[in-house]
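Heads up, the thing below is written out as C-alpha cells.
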Amino acid sequence: MENFFHIYNASAGSGKTFTLVKRYLSILFNSNRKDSYKNILAITFTNKAVGEMKKRIIESLANFAKEDSVQVDPLMTAIMEETDLLEEQIREKSREILKSIIHNYAAFEISTIDGFTHRVIRTFARDLGIPMNFEVEIGAEDILMEAVDSLINRAGNDEKLTRVLVNYTLSKTDDDRSWDISRDLYDISRLLINENHQKEIAVLKTRTLEDFAAFAKKLRADILEAEDGLKTFGDHFFEVIQNAGLSEEDFKGKYIPKHFSKLQQGDMSVTFESAWAKNIADSPMYAKTKASKDTQLSMDSLQPEIVEIFETSKKLFFHLEFLTEIRKNLVQLSLINEINREIELIKKEKNVILISEFNPKISEQVKDQPAPFIYERLGERYQHYFIDEFQDTSTMQWENLVPLISHNLSQGEEASGITIVGDAKQSIYRWRGGRAEQLIDLSNKKTSPFQVEQILENLPNNFRSGSTVVNFNNSFFQYAATLLTHPEYADLFKNSAQSPKKGEFGYVNVSFVEAKNAEEQLEVYPEKIFVTIKDLEQQGYSKQDICILTRRKKEGIAIAEYLSEQGISVISSETLLVSQSSEVKLIAELLKFSLYPEDDQLKLKIYEQLSPRYISEEESFPVLVEHLPKNGQEFLGWLDSELVSFDLMEIKRLSIYEAAEYIIRSFVLVQQSNAYIQFFLDFIFESAQKTSNSLHSFLELWERKKDRLSIVVPETDDAVQIMTIHKSKGLEFPVVIYPFADADLQNTRMDNLWLSVPDENIPLAYVSASKKLLNWNEEAIEKYHDLLSKNELDTLNVLYVACTRAAEQLYIMTSHESSDKKTLNISGILRNFLESESKYNDSLVCEFGEKLKYSSEEKKGKTSIFPEQFYTSPVQNKAVNIVTRSGAMWDTKQREAIEKGEIAHEILARINSSQDLQKAMDWAVNSGLIREESRTEISASIEKIIQHEELKYLFAENVQNKNEKEIITQDGNRLRPDRLNFSNNKITIIDYKTGGFVDTHTRQVSEYAKAMTNMGYEVEKSLLVYTNEPVQIRIV
C-alpha cells in the first residue's frame, strides 16, 4: 500500500460520515495488527461529531462481528470491495479489533482539533515554556472583560494611560456618543484572540503609548493641513470665476459653485457621485438656453482650470477621508498592547492558558522548521490522518498539522496517508478563522503541501433529502452562482448538483412576506410561521419534526415568544436561558440587593416579583409608595413575617450557594423540580471552585455570562426547535422553516480592514469597511473587493447550509420589499430565480412538489425524566453541622480544646462591643455553629475574654474597631488580623490563639504591626489572646 493524499468533496447529505468510516475501517482491516487504530489520528471540529464518528465505527465493528447477521450491510459491501477481503475475514478481524479498542480505548484517537492541540501543549508544556499545571480557559470573553476593567482601574495611577482614557471619553461625549469606553475597548481586545488578526497584532506588539501619541499628533497636523487645503481650493475657485467676471448664477444648476462653497466653509458633505461631477470635464458648465455667447466662451476657456481644481481637491478630499477614518479607531488600537499586558497578568495569576492560544503557541515552534521537535516524537506514532470539516480549518491550524503529516508521508517506513473531507459551500466560520480557500486551493491543486499528489473525489449523491428539495437546491444555487463576482466561488455552486437517492418526494415553499420595516417584520414572520406549523400538524408532522433556523438572535427570540404565547412548545437557546427564569432573576436581584440596599431599581424589580405573591392588587401601589424610600431590610418590611421569614443580612453571613438556597426556602420558590434554579445553583458552585467566593465577584461573573447560560433538554421532547444556522450545521430535520431570508451579500457594516500607513512607528491602520475605500488607494480597493467577494460566498454559504438541512419539506420566507432593491440580496436572487422558472406569481407564494408527509416511523413522545422533588439542606440543619464541629467525635481532650477555640474565634469576629455578645450567640446557634445546650458554656467562655481586666476597655460600647479585615502590604502580601482597635492615629492589634505559645505567633503579630506602621498608624499595643481556660494575654 503506497502513501496517499485523498480529498473528498462532500456536499450536504452526500454520505460524508459513511465515507470516513469506510476509509477508517479499511485501513484497520488492511493492517496485520489488531491495534493499528493506535496509529490513526482522526480530527473533527465538535464533540458531537467526535461522538458520532466513534459511535459509527464501534457500531459497525460490532455489527460485523455478529455471526448470525443476514441483513446486507452497504458498509460491509463497500469495505469488501476496497480491501478485497472476504466477509468472514472481516467478521473475524472485527472481533479482534473491537476487543482491542475496548481494552485500549484511550488510544482510539478521534478528537476535536482543540482537544488534539491541548494534548500536544500539555505533553510538551516544558518544551514550550508553559507551566506544567496550567488550566484551560475556554471563556476568553471573561478574561478580556476583566482585563479591560483592570486597565480602566489604572486610570489615576498611570499618568499617560489616564490622559489617553480621559481624552477618549471626552471625544465620545463631544460626538454625542456614550461616555462608557469599556465596550469599545472590549471590542478591540477581541482582535487579540482572533486568528484572523494575529499577523497585524504582531506588527504592533512592540508599539507603546508614546508611539501612538506621536502618530496621533502627526495625524492631527495632517488632517488640519488637508482641511486648510480644501478651503484654499474653495477660495481659489471663487477667485478664478470672479477674475473672469462670472457669477454663481452662470453655472448650470449652481452645482459647481455650491460644491466649492461647501469646501470653503469646511463642510464635508460633498459628493462626487452626482452626474455633474462625473461629467465635469466633458459637459458644458452653463445652461445653453440662458448663457450668453460671451459667457459660454469665457466658461469654456476656464473649464480645464476648474476641472484641475476639482480633481486636485477631490484627491485631497479622499486623502482627508482616509486620515479621518484612521483616527476613529486609533485610541482603541493604541490600548491593545496595554490590554494584552493585563491579560498576561490575569493568566499568570490564575495559571490559565486561553484556548485561542493553542494554535499560536504551536505555530511559534513549527514555523520554518523542517522537523519541529514537538512532532518528532508524535510523528512516530501516527501513520494515517483524517481531517473532517476541512473547510472550517483555519490557516494556522492547517500549517501546524502539515509538518506532523509531512514527517510521515516523506520519512515513514510504513505506508502512510491523509484523508481530508470537506465542502467549501458549507464554510460559515470565517469570523473565527475558518478558510474555505484552503480547501478550494487543495482541490484545484493550486497548493501541494506534501510530496504525495492529492487525489480529488466528489461525492455526487444526496442521501438526506427528497428529490424535490435536492432539485430545487441544485437549480437555485447554480442560478445564484452566476451572480458571484469571484469565478472560483461561482464554480463551487455551478458544479454542486447532486443526484437524489432517498426517493421521489418532497416539498419546497418560497413565500414573500410584506412588511414595511424591521419592526413590522418581527411581528409578521412569527405569525406566518405559526400558520405554517398548524398546517404541518394537519399533515401529520409532530412539533419535534420541525426546526426553525435564523441568522440573528433577536429573530429567534421574537419567534419563540410569539409561538409560546400561542401555546406552541418551543426549544431554543433563548427560551432555555437560565436568566429568563423569574425565580433565578429574583435570587440574583436579592443577592445584589444585599450589596446595594439603596438601589431603587433593584427595589422595584424585587417588588414586581414578590408583591403578587403576598399583596392584593389594590394594596400594591400604596405599599410600594410607602416602602420605596426605605432601604435594605426596612424596604422588605411589607412582607408578612408569619408567611415569610427572611433577613437580608443573613445573605452576607452565608456563602453564596447557601445564600441562594436560603432565598429559595424563604420564598418557597420551588415546589417540585426546577431545572433553571438547579442550573443556577450548579453555576454558583462551579464559580466558587474557580474564583474568589466574594458575592461582588460572582455577580460580575453572572452579568457577563447570563446571556449565554442555557439549560440542556432532551431531544425527545415534543417541541419545535429554534436554532441559529451555525448551530444547525451537520444536523437534519424532516421540516425546516427559514424566515428572514433577506441578507445582503455585500453587506460590510460589521467589517473592518487593516491598511498600510506610511509611518515608521505605526505602519498599520484598522478602519471600517465601506465604499469609501474605493477612493483611497490601490491596496484599499483590492482589499475591499476581496472582502466583498468573500462576504458574497459566506452569505450564500449560510443560505446553502439552511436549505440543505431539510429532508422532506423546506419553507423559505423572505421580504417582498427587499426583493425590489437594487442591492445584491437573497430576496432579490430568489425572486429573479423564480421568475426565470416561471414560478413567481401575485400570491407571493411559490411551491415545488407536493405537501405529503414521507416519513412513517413512529416518533417518540415526551420521554424526559424529571426529578419530582427539589432538595435543599438549610444551614440550620444541626444534625450535620454540629457533629462535624464537635470535639467529642475525635474522643480527645486536645481536639475538644481546639474546636472550642475555633468556635470562640468565629463568634468573637462578630463582636464589636460587649453588648454584641447575645446577638453573636444567637447567630452561632441559628447557623448551626453550636448547639443550644452549649450556648451557656460557650457564652461564659467568651464573656471571660471580653470582660477581662486587661481587655474590657477594648470592647467598650463606642470603640472604633475592625474585625477580620484584609490588609494588602506593599509587597503584595495579604494579612488578616483578628481585631484592630483605633484611637485617633493609635492602634491596638489583637490576635486570638488556642493552645500554647509558639514563636510563629509573635512573628505573625509583628507582621501586622509592621504593615499598620507602614500605613501611617502608631501601634500602641500588640496582644496575643489565648482563649484557653484561664484566658492568657501576651504583649508582643
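If you go through region 413-466, how many residues are of a type in the set (Gly, Ala, Ser), under 25 Å from residue 793 (Cα atoms) and in contact (Cβ under 8 Å) with a residue 12 or more places away in the chain? Let's see the steps before the verdict.
Of the residues in region 413-466, the ones of a type in the set (Gly, Ala, Ser) are 415-417, 422, 424, 427, 433-434, 436, 443, 448, 465-466.
Now drop any that are not under 25 Å from residue 793 (Cα atoms), which leaves 422, 424, 427, 433-434, 436, 443, 448, 465.
Keeping just the survivors that are in contact (Cβ under 8 Å) with a residue 12 or more places away in the chain gives 422, 424, 427, 433-434, 436, 443, 465.
Here the count works out to 8.
Would you tally the residues in region 835-854 being loosely packed, with under 15 Cβ neighbours inside 10 Å and either in contact with a Pro (Cβ under 8 Å, 6 or more places away or on another chain) or of a type in the set (Gly, Ala, Ser) (or both)?
Total satisfying the criteria: 3.
In region 499-524, which residues are over 20 Å from residue 735 (Cβ atoms), under 35 Å from the mean Cα position of the chain (by Cα) and polar (S, T, N, Q)?
517, 521
Please return the ranges of helices (runs of 4 or more DSSP H) entirely within region 182-250 where 2 or more residues are under 17 Å from residue 261 (Cβ atoms) and at pLDDT 90 or above. Full working, then the answer.
Working: elements: 182-189, 198-204, 209-243.
Ranges flagged: 209-243.
Where in region 309-425 are there helices (runs of 4 or more DSSP H), lying fully within it, with 2 or more residues that are out of contact with any Ser or Thr (no Cβ under 6 Å at 6 or more places or on another chain) and modelled with pLDDT under 85?
Numbers: elements: 330-334, 336-350, 358-366, 373-379, 395-411.
Qualifying helices (runs of 4 or more DSSP H): 336-350, 358-366, 373-379, 395-411.
When region 750-776 is examined, which residues are found to be within 25 Å of residue 437 (Cβ to Cβ) and exposed (fewer than 15 other Cβ atoms within 10 Å of the Cβ)?
Those that are within 25 Å of residue 437 (Cβ to Cβ) and exposed (fewer than 15 other Cβ atoms within 10 Å of the Cβ): 750, 756, 770, 771, 774.
Which one of 960, 915 is outside the structural domain of residue 647 (by TED's automatic domain parsing) and over 29 Å from residue 1013 (Cβ atoms)? Write out each step before concluding.
Values: 960 fails: over 29 Å from residue 1013 (Cβ atoms).
Only one candidate passes the filter, namely 915.
Counting just the residues of region 951-978 that are out of contact with any Leu (no Cβ under 6 Å at 6 or more places or on another chain) and among the β-branched types (Val, Ile, Thr), which one comes out nearest to residue 915 (Cα to Cα)?
959
Hey, does region 456-463 have a residue that's part of a loop (DSSP other than H, G, I, E, B), closer than 21 Å to residue 17 by Cβ and polar (S, T, N, Q)? If you could, list the steps in order and put the result at the bottom.
At the first step, the residues of region 456-463 found to be part of a loop (DSSP other than H, G, I, E, B) are 460, 463.
Of the ones still in play, those that are also closer than 21 Å to residue 17 by Cβ are 460, 463.
Add one more test, that the residue is polar (S, T, N, Q), and what stays is none.
Within region 456-463 (the criterion being part of a loop (DSSP other than H, G, I, E, B), closer than 21 Å to residue 17 by Cβ and polar (S, T, N, Q)), the answer is no, since none of the residues qualifies.
Given the criteria of a type in the set (A, V, I, L, M), surrounded by 15 or more Cβ atoms within 10 Å (Cβ to Cβ) and at pLDDT 85 or above, does residue 102 qualify?
Values: of a type in the set (A, V, I, L, M): yes; surrounded by 15 or more Cβ atoms within 10 Å (Cβ to Cβ): no; at pLDDT 85 or above: yes.
Considered against the rule, which asks whether it is of a type in the set (A, V, I, L, M), surrounded by 15 or more Cβ atoms within 10 Å (Cβ to Cβ) and at pLDDT 85 or above, residue 102 comes out as no.
Mind checking which residues of region 435-463 are surrounded by fewer than 21 Cβ atoms within 10 Å (Cβ to Cβ) and of a type in the set (Lys, Arg)?
Listed by number, the residues that qualify are 445, 446.
Counting only residues that are of a type in the set (Gly, Ala, Ser) and closer than 17 Å to residue 668 by Cα, which one in region 582-637 is modelled with the highest pLDDT? Can you show your working first?
Going residue by residue through region 582-637, those that are of a type in the set (Gly, Ala, Ser) are 582, 588, 594, 611, 616, 620, 632, 637.
Filter again for closer than 17 Å to residue 668 by Cα, leaving 582, 588, 611.
Working: 582: 88, 588: 93, 611: 89.
Checked region 582-637; the qualifying residue modelled with the highest pLDDT is 588.
Table: residues versus (1) small (Gly, Ala, Ser); (2) touching a Cys at 6+ places or on another chain (Cβ under 8 Å); (3) under 15 Å from residue 335 (Cβ atoms).
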site: 152; (1), (2), (3): no, no, yes
site: 155; (1), (2), (3): yes, no, yes
site: 169; (1), (2), (3): no, no, yes
site: 173; (1), (2), (3): no, no, no
site: 181; (1), (2), (3): no, no, yes
site: 187; (1), (2), (3): no, no, yes
site: 190; (1), (2), (3): no, no, yes
site: 199; (1), (2), (3): no, no, no
site: 205; (1), (2), (3): no, no, yes
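Just give me the residues in region 773-809 being among the small types (Gly, Ala, Ser) and over 16 Å from residue 748 (Cα atoms), in sequence order. Quick ask: steps written out before the conclusion?
Quick first cut of region 773-809, residues among the small types (Gly, Ala, Ser) only: 780, 789, 802, 806-807.
Result: 802, 806, 807.
Within region 762-777, can one find any residue that is without any contact (Cβ under 8 Å) to a residue 12 or more places away in the chain, of a type outside the set (Val, Ile, Thr) and out of contact with any Phe, Trp or Tyr (no Cβ under 9 Å at 6 or more places or on another chain)?
Within region 762-777 (the criterion being without any contact (Cβ under 8 Å) to a residue 12 or more places away in the chain, of a type outside the set (Val, Ile, Thr) and out of contact with any Phe, Trp or Tyr (no Cβ under 9 Å at 6 or more places or on another chain)), the answer is no, since none of the residues qualifies.
For the structure I just gave you, tell me whether residue 1000 is without any contact (Cβ under 8 Å) to a residue 12 or more places away in the chain and within 17 Å of residue 1025 (Cβ to Cβ). Walk me through how you get there before you give the answer.
Details: without any contact (Cβ under 8 Å) to a residue 12 or more places away in the chain: yes; within 17 Å of residue 1025 (Cβ to Cβ): yes.
Considered against the rule, which asks whether it is without any contact (Cβ under 8 Å) to a residue 12 or more places away in the chain and within 17 Å of residue 1025 (Cβ to Cβ), residue 1000 comes out as yes.
How many residues, within region 924-975, are touching a strand residue (DSSP E or B) at 6+ places or on another chain (Cβ under 9 Å), part of a loop (DSSP other than H, G, I, E, B) and farther than 16 Å from residue 1025 by Cβ?
4
Residue-wise test of (1) farther than 30 Å from residue 709 by Cα; (2) surrounded by 15 or more Cβ atoms within 10 Å (Cβ to Cβ).
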residue: 477; (1), (2): yes, yes
residue: 508; (1), (2): yes, yes
residue: 552; (1), (2): no, no
residue: 572; (1), (2): no, yes
residue: 576; (1), (2): no, yes
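How many residues does region 979-1022 hold that are buried (at least 17 other Cβ atoms within 10 Å of the Cβ), in contact with a Leu (Cβ under 8 Å, 6 or more places away or on another chain) and not β-branched (Val, Ile, Thr)?
Of the residues in that region, 9 qualify.
Pull up region 796-851, narrow it to residues that are hydroxyl-bearing (Ser, Thr, Tyr) and within 29 Å of the chain's Cα centre (by Cα), then point me to the one that is nearest to residue 731 (Cα to Cα).
Let us first name the residues in region 796-851 that are hydroxyl-bearing (Ser, Thr, Tyr), namely 800, 804, 811, 814-815, 818-819, 823, 827, 836, 838, 840, 843.
Going one step further and asking which of them are within 29 Å of the chain's Cα centre (by Cα), we end up with 800, 804, 814.
Details: 800: 13, 804: 9, 814: 23 Å.
Taking the candidates together, the pick is 804.
The values are calculated or read from the model by the stated rules, or taken from the named source; none is laboratory data. Values in this document were obtained by computation on a predicted structure and should not be read as measured data. Positions of Cβ are backbone-derived with ideal geometry, glycine not excepted, and every protein chain shown enters the neighbour counts.
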